[in-house]
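The values are calculated or read from the model by the stated rules, or taken from the named source; none is laboratory data. These numbers come from a predicted model, not from an experiment. Cβ atoms come from the backbone with ideal geometry, glycine included; neighbour counts cover every protein chain shown.
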Amino acid sequence: MGEYLRGWRRKIGVVALFMACVIVGAWVRSLIRHDLVMIPYGNDTFCIESMCGEIEFARLTTRDNNTKPKWISNAITPGHWRWLDDAGNPRAVDHLAELAENELDWRWDWAGFHFGAGHSINDREEDYMLPYWSIVVPLTLASLCLLLSNPGKSASKKNTAPDASEGA
């Protein structure tokens, strides 16, 4: 086994595969739990939110930021969930959709990706929402390539012994 992990490619491949497995665990958790981590810094509050197969990175800027650092975790159940789709299933929070049209600065939505920024009288919000698959699939493919690649021969190990076919 130690022979297989020789070389930097295979070691990075193992790390990438481990990261993909951890993110798959977060992905599965996001299907049953809503997690929100809030980290205040000056007038900004940085948020990481995970739910419904998506992860969101956000920055909320307010004039008088008195937010305390916190982690909130709730079960995702249709009876206790604020954001539901037309069929009554829980859906990911779309904070920018709650803004009036004149409060929306910019927005880009495509294939489960949601990016945008908006403002109200007292604050400004930037949202970057990614589906978990967009992180897991590239990490898994990268680890696959790195783990299955041929390690090749090291250029630093040259044979300096004289060749037997050379005459004295």
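Give the residues of region 115-142 that are at pLDDT 85 or above and over 30 Å from Arg9 (Cα atoms), sorted by residue number.
Hits for region 115-142 are Phe115, Gly116, Ala117, Gly118, His119, Asp123, Arg124, Glu125, Glu126, Asp127, Tyr128, Met129.
Quick check on region 82-94. Is at least one of its residues at pLDDT 90 or above, closer than 22 Å to Arg29 by Cβ, of a type in the set (A, V, I, L, M, F, W, C) and not in a loop (DSSP other than H, G, I, E, B)?
no
Yes or no: Val24 at pLDDT 90 or above, surrounded by fewer than 16 Cβ atoms within 10 Å (Cβ to Cβ) and either under 21 Å from the mean Cα position of the chain (by Cα) or acidic (Asp, Glu) (or both)?
Taking the combined requirement at face value, the residue does not satisfy it.
Quick one: would you say Asp109 is outside any loop (DSSP other than H, G, I, E, B) and modelled with pLDDT of 90 or more?
No; evaluated as a whole, the condition is false for this residue.
If you take the residues in region 15-73 that are among the hydroxyl-bearing types (Ser, Thr, Tyr) and not in a helix (DSSP H, G or I), which one is nearest to Val136 (Cα to Cα)?
Looking at the filtered set, the residue picked out is Ser50.
Which residues, counting only those in region 36-65, are of a type in the set (S, T, N, Q), surrounded by 19 or more Cβ atoms within 10 Å (Cβ to Cβ) and more than 23 Å from Ala111 (Cβ to Cβ)?
Listed by number, the list holds a single entry, Thr45.
Just to check your reading of the model, which residue among Ile12, Ile48, Ile23, Ile39 is closer than 30 Å to Thr77 by Cα, among the aliphatic types (A, V, I, L, M) and touching a helix residue (DSSP H, G or I) at 6+ places or on another chain (Cβ under 7 Å)?
Ile23
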